[in-house]
Amino acid sequence: MNIMLLQAGIQHYVWGDKRFIPDLLGVENPEDRPFAELWMGAHPDLPSKIEVKDRLVALNEVITASAKEVLGPVVTREFQGQLPYLFKVLSAAAPLSIQVHPSKALAREGFIRENAAGIPLSVEHRNYRDINHKPELIAALTDFYGLRGFQPLTQIAQVLTDIPEFQSLQLDFEPTSAGLKSFYEHLMNLSQDRLDAVLDPMIERLTEADRKRAFIRDDRQFWILRADREYSKQCHRDRGIFSIYLLNLVHLKPGEAMYLPAGVLHAYLEGAGMEIMASSNNVIRGGLTSKHIDVPELLNNVIFEGSEPEILHPTRLPGSREWVFKTPVTEFELRRIEVTEAQSYRNGSDHSAEILILVDVNRYAHVAVTSGELSLNLQKGSSFFVPFGVGYTIRADHTAVLYKATVPQSSSSFFRFRRGCDCDQGPYQERIR
């Protein structure tokens, strides 16, 4: 097998931006549709396609037919013959849902439970669509705003003191994990009438303040008002608004990233980025969405801890123009590559299959990837798949920037340690859920 151009899938979710992904791909959008995500991978919900003998074939079918040849023996064994990651370009023009992803243990339990209840995989109210966890990393391509994890508990206590609408709840907040769990459960289970009674005056107060001095994106109030405009319907407020005050507001600049393990409550608010995750589509939502909301299941999966958000910066590999975003997971690794006229990029995928996408290049530049006698010309937005064991070289006559998805090289040795254990549960077993 050799390198192959990918035909990535597009998700037109309502929160998607209408220009970033079309501009990346060089396509028109005459219907003005939202282009939310560009999927590159083998997830059965929207697998990428490759050309095989003059016909398009889904990547998951190619892998199923020849897993050891495509993925390599170690990855095939440790991930049951599946490509272990899903790679995306994400572009949000409106806030996404308040959400959490399950651990492996909770995903397995939930998947079995919903199967036993006879809930079809395709229905909208299904929470667990596979048995996998979904740790993920988002690296900003533009200024990117999101919510990640609860603020430090002392800061939450101060918020509850300073915001009059929280005071009206007349609840004592104990700044502990158990206290946060109790308080958040109370908020998320308020009746709609009580919810409206708390949030109506908050929105009115912030709207008036915005008229006097417009909030900016680094103000939480900006996102509260935007979320209310997007998701509060029929004179009823959305309960996800509460979380904007309680979670860390993160502003990523291009090149910065944040990592989201299982159990961390989060939401993306605006911006474009490269997203990589374990190959799963398990999402449990608690607000700011028109999709299925399951508050009890959300609360069962959330880790109730407060902390400062960690902003990740990539580490440059010695003697190269390649940078790696390091995370503790074994399923994926994201790398950023710069190719210049003076410095090409050579690599051999000797431990796993890889997916690469060209995200930035001069419109008049010539960029090509070669492997043996095969050469593929790349345009901005082109993505390609590299099977296990295939060496390749990328050359460009102007600076070109690519992102690469792969399995960490350290995974092979780590698998010997983790075999037989559900390692993503270990650090969290004593935490409050």
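Bear in mind that the values in this text are calculations on the coordinates, not laboratory data. For clarity, every value in this text was computed on a predicted model and none was experimentally measured. A quick note on method: Cβ atoms are made from the backbone with ideal geometry, for glycine too, and the neighbour counts reach across all protein chains shown.
Excluding residues fewer than 8 places away in the same chain, name every one of the aspartates and glutamates whose C-alpha is closer than 19 Å to that of K18.
Here the aspartates and glutamates satisfying the reach criterion relative to K18 are E28, E31, D32, E37, D143, E230, E270, E275, D360.
Convert each backbone phi in the range 380-396 into a coupling constant with the Karplus relation 6.51 cos²θ - 1.76 cosθ + 1.60 (shift: θ = phi - 60°), then list the ³J(HN,Hα) values in order as whole Hz, x for Gly and Pro.
3, x, 5, 10, 9, 10, 10, x, 3, x, 9, x, 8, 9, 10, 10, 8
Return the FRET efficiency for the residue pair I163, E338: r is the Cβ-Cβ distance, R0 is 45 Å, and the value is rounded to the nearest 0.05.
Values: r = 45 Å, r/R0 = 1.00.
After rounding, the FRET efficiency stands at 0.50.
With +1 assigned to the C-beta of every Lys and Arg and -1 to the C-beta of every Asp and Glu, and no other charges, what is the dipole magnitude of the range 44-103 about the Cα centre in debye, to the nearest 20? Intermediate values should be presented prior to the final figure.
Numbers: 6 positive and 6 negative charges, 6 e Å.
In total the dipole reaches around 20 debye.
How compact is the chain by the rule of thumb for globular proteins, expressed as Cα Rg over 2.2 N^0.38 Å?
That works out to 1.02 for the chain.
Just report the Cα centroid separation between the range 15-58 and the range 93-159, whole Å.
What the calculation gives is 23 Å, centre to centre.
Could you work out the helix-only [θ] at 222 nm for the chain, with each DSSP H run of four or more residues adding -39,500 (n - 2.57) and the total divided by the number of residues, to the nearest 500 deg cm²/dmol?
-7500 deg cm²/dmol
Relative to the present Cα-Cα distance, how much length would full extension add between T64 and E28 at 0.36 nm per residue of separation? Could you put the intermediate results ahead of the total?
Details: separation 36, 0.36 × 36 = 12.96 nm, distance 3.42 nm.
This chain segment gains 9.5 nm when fully extended.
Under a point spin-label approximation (7 Å from Cα along Cα-to-Cβ), what is the K53-R217 distance to one decimal in nm?
4.9
For the range 1-151, count all C-alpha to C-alpha pairs, find those more than 26 Å apart, and express that count as a whole percent of the total.
The proportion of pairs with Cα distances above 26 Å equals 39 percent.
Please order R346, R108, R55 by the number of other Cβ within 10 Å, starting at the fewest.
Working: R346 11, R108 17, R55 8.
With the sparsest Cβ surroundings first, the list reads R55, R346, R108.
If you take the beta carbon distance between E109 and K326 as r and set R0 to 35 Å, what does 1/(1 + (r/R0)^6) give as a FRET efficiency, to the nearest 0.05?
So the FRET efficiency works out to roughly 0.70.
How far is helix 192-212 tilted off the main Cα axis of the chain, in degrees rounded to 10, range 0 to 90?
80
List the trypsin sites (Lys or Arg not before Pro) within the range 58-105 that DSSP assigns to loop and that have no more than 12 neighbouring Cβ atoms inside 10 Å.
none
Mind pulling up the Rg/Rh value for the range 315-412? Radius of gyration and Kirkwood radius, both on Cα. Walk me through the numbers on the way to the answer.
On the way: Rg = 13.1 Å, Rh = 13.7 Å.
Looking at the range 315-412, the ratio lands at 0.95.
Is there a pair in K253/K326; K134/K326; K53/K380; K49/K404; K68/K380; K212/K233 whose C-alpha atoms are over 20 Å apart, and which pairs would that be? It would help to have the intermediate numbers written out before the result.
On the way: K253/K326 18 Å; K134/K326 16 Å; K53/K380 25 Å; K49/K404 18 Å; K68/K380 31 Å; K212/K233 25 Å.
Going by Cα-Cα distance, K53/K380; K68/K380; K212/K233 fall outside the 20 Å limit.
Once you wrap a convex hull around the alpha carbon atoms of the range 5-49, what is its projected area averaged over all directions, in nm²? Intermediate values should be presented prior to the final figure.
Values: hull surface 13.3 nm².
Projected over every direction and averaged, the Cα hull of the range 5-49 covers 3.3 nm².
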